[in-house]
Structure formats: C-alpha cells, structure tokens
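Have a look at the structure below, then the notes.
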Amino acid sequence: MRREDVSLTVNGNEHEISIEPSRLLVHTLRGELGYTGTNIGCESGVCGACTVLMDGKPVKSCTLLTMQADGAEIETVEGLKTNGELHPIQEGFSQEHGLQCGYCTPGMMMTAVDLLKQNPDPTREEIRDGLEGNLCRCTGYQNIVNAVESAAEKMHSGGSHE
Ligand code: FES
Ligand code: FES
C-alpha cells in the first residue's frame, strides 16, 4: 500500500507521519496522533462534530484528506486549555450547561472560538447563524448560545486569555 509523508503541527506539537493517501484528517488526528477529543459523527460534512481549526479557520476534518493538511497548523479541542486554565468558551459551556451528551461539544467549541475571533460581540442571532453547521442531537441549542454569549462577555472583561 502506497504511503505519503505528511507533516502536521497540532496544538503546537510537530508530527511527521506516513499515511495512506486516502486517510481522512479526522482519522489521522484520532488514530495516528491520539487527539481523540475530535469526534466523528456523520463523516459526510453535515454534523460538525469533527470541526478543528486549520491555519486558524474552522474545517470539518472528515471532509479533508490528511495530505491536504500537509504543512498546516491544526488546533483541536485539546489545545484550548492553556497553562491549566480553561478557555472562556470551555468555561461558558460548563457554567451555562451547554453540553448534554457532549458529543457535539468539541466541534461546537472550535466553531465558536472562530466565531468570537471574527465577531467578539455577537448577537444571539449571529451566534445561532455562526453555529448552524454544527448539529446537537440533544437539541440543547439554547444553552449552547448562552455559553457562547457568556464566553464573549468573559473575553471582553479581559479576565481570561483568548
Ligand atoms: S463527522 Fe465531520 S461533519 Fe460530521
Ligand atoms: S450535547 Fe449531545 S449532541 Fe450535542
């Protein structure tokens, strides 16, 4: 079986790996590299469970071949915590009960991190629009919107890192 060398930086850690050309990024992250915080739902680009940031932009990692991420910087949910401190978005989900089964949560958080980067003071409508590519099977959207709103407030008050 043909294999390709790929270099990925994940949460600041450099990885050189050799993978089958057809290997999806989400499978490489979870399988070869052990970043199992990124979940797999639909595997067809619909649910957003597999969302990670690639060079700062949210991507559904089930829609990309690992080779397409060669040389990229990837951020996963494991990278949100810094120096033992939760990211404001993690605090928001925890305090506002934004997770039920928690399966969609990592993808929701990565999308929300980008949303708040683009729009630090979103309305509830804008939060809903920004998260529309991420599905929660528990239908807990109300608290998820509260969680993102609370993270935005925390980030404004300057109490936590970005
Ligand atoms: S698993 Fe990637 S979008 Fe659903
Ligand atoms: S919390 Fe259950 S899928 Fe979202």
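The values are calculated or read from the model by the stated rules, or taken from the named source; none is laboratory data. It should be emphasised that the depicted structure is a prediction, and the values quoted were computed from it without experimental measurement. Every residue, glycine among them, receives a Cβ derived from its backbone with ideal geometry; neighbour counts consider all protein chains shown. Ligands, DNA and RNA are stripped out before the accessible areas are found, and what is left, the full protein with its side chains, is counted by its heavy atoms. Shrake-Rupley method; radii C 1.70, N 1.55, O 1.52, S 1.80 Å.
Let's see if you can work this out: charge +1 on each Lys and Arg Cβ, -1 on each Asp and Glu Cβ, no other charges. What is the dipole magnitude of the chain about its Cα centre, in debye to the nearest 20?
Values: 12 positive and 24 negative charges, 94 e Å.
In debye, rounded to 20, the chain gives about 460.
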task: May I ask you to rank 96, 153 by accessible area, largest first, using a 1.4 Å probe over the protein chains only?
output: 153, 96
- prompt: Taking a 1.4 Å probe, which of 73, 149, 16 shows the most accessible area, and what order do the others take after it?
  reply: 16, 73, 149
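Find how much the distance from residue 85 to residue 67 grows on full extension, using 0.36 nm per residue of separation minus their present alpha carbon separation; answer in nm with one decimal. Walk me through the intermediate numbers first.
Details: separation 18, 0.36 × 18 = 6.48 nm, distance 3.26 nm.
Residue separation times 0.36 nm, minus the Cα-Cα distance, leaves 3.2 nm.
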- request: Please report the relative contact order for the chain, taking Cα pairs under 8 Å with a sequence separation of at least 6, and give it as a percent rounded to a whole number.
  value: 23 percent
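So what's the net charge close to residue 72: Lys and Arg +1, Asp and Glu -1, counting the other residues with Cβ under 11 Å from its Cβ?
Numbers: positive: 57; negative: 55, 70, 73, 75.
Here the count lands on -3.
What is the packing order of peptides 108-114, 49-55, taking the mean over residues of other C-beta atoms within 10 Å and listing the highest first? Intermediate results must be reported in sequence, preceding the final value.
Details: 108-114: 25.4, 49-55: 23.3.
Taking the mean over residues of other Cβ atoms within 10 Å, the ranking is 108-114, 49-55.
Quick one: net charge of residue 19's neighbours, Cβ under 9 Å, K/R +1, D/E -1? Numbers along the way, then the final one.
Details: positive: 3, 23; negative: 4, 5, 20, 32.
Overall, the nearby charge balance is -2.
Over the Cα atoms of the range 26-96, what is the Rg over Rh ratio if Rh follows Kirkwood?
Details: Rg = 12.7 Å, Rh = 12.9 Å.
When Rh is taken as the Kirkwood radius, the ratio is 0.98.
Residues of the chain: accessible area per residue at 1.4 Å, in Å²? Provide the component values of the computation, followed by the final result.
Details: 8070 Å² over 162 residues.
Accessible area per residue: 50 Å².
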field: Where only alpha carbons of the chain are counted, the Rg and the Dmax (Å)
entry: 15.7, 54
query: Counting only the heavy atoms of the protein chains, how much of residue 46 is accessible to a 1.4 Å probe, in Å² to the nearest 10?
result: 90 Å²
- request: Please work out how much accessible surface residue 27 shows to a 1.4 Å probe, ignoring ligands, DNA and RNA, in Å² rounded to 10.
  value: 50 Å²
- prompt: If you build a Gaussian network model of the chain, linking Cα atoms that sit under 10 Å apart, which residue out of 19, 144, 74 swings the most?
  reply: 19
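Normalised by the number of residues in the range 28-101, what is the relative contact order in percent for Cα pairs under 8 Å and 6+ residues apart?
That works out to 22 percent.
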